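What follows is calculated from the coordinates using simple rules that are stated; it is not laboratory data. Computed from a predicted structure; not experimentally measured. Virtual Cβ from ideal backbone geometry, glycine too; neighbours counted across all protein chains shown.
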Amino acid sequence: MQTKSDNRRWLFALTHWNWKAALITAIFRGAACIAALRHVHPHERQHFSAVEMIYVLLTAGIFSAWQQQALVIKPRYCAWTVVVVLVPLTSLGLDAVLHSLLDHVDAHALGIGALIFTLVSAMFHWHAMESGAMLVGKQSRSLSSDLKQLPGLLLSFVTAPIIWLRELRVANPIDAVEENDLEAAA
């Protein structure tokens with residue numbers, strides 16, 4: 001027997017449709033398609049970009065709601081896998097099927113670029129959501145507040161691997177091991 005909370009869980013994607021992510025994603029992906037397909041006839045390029053923007057406007061809010069819902073999954077690596085890999089690759093796969101049905105543009109060159117762009121933007125989305133930005137529902141802030149937070153989040157996203165490597169080095173200092181080996185050899 002389903003409880004009221006079970007029903008809420010299943011309806012989360014509709015009740016928490018992330019209009020912020022849908023709007024921003026549609027703008028960036030539409031522009032990225034126009035730029036990537038600059039060698040294609042302008043009419044075909046515009047059609048491809050329009051299909052992309054409409055698809056993203058209709059689906060990105062639902063996919064982003066699933067990503068927000070996944071933030072509570074334990075262990076964290078499972079949540080990260082859902083948010084950064086599973087949901088974005090599902091979206092990208094459906095997007096590719098839609099374009100193959102509606103567009104007659106040879107967009108194979110977009111494939112690897114789209115994959116990289118999708119995974120990096122999904123990692124940034126994870127970073128932003130964990131920092132409280134780009135959320136909807138009870139935890140949300142205004143879009144203007146989220147947009148003001150984005151430059152700092154972008155900087156912390158870009159520097160995070162450097163900080164992580166530095167912390168890893170401090171936790172496991174290679175130099176200290178080499179010094180001990182040299183002292184023992186002497």
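Overall, segment 10-184 carries a charge dipole of about 860 debye about its Cα centre when +1 sits on the Cβ of Lys and Arg and -1 on the Cβ of Asp and Glu, all other atoms neutral. Our summary gives segment 26-160 a relative contact order of 21 percent, counting only alpha carbon pairs under 8 angstrom and 6 or more residues apart. Spin-label pair ALA50-LEU115: with each label point 7 Å from Cα along the Cα-Cβ axis, the two points sit 3.1 nm from one another. How many percent of all Cα-Cα pairs in segment 10-184 sit more than 19 Å apart? Of all Cα-Cα distances in segment 10-184, 63 percent exceed 19 Å.
Hey, if you put +1 on the Cβ of every Lys and Arg and -1 on every Asp and Glu Cβ in segment 10-184, which of VAL120, TRP80, MET134 ends up farthest toward the positive end of that dipole? Most positive-ward Cα: MET134.
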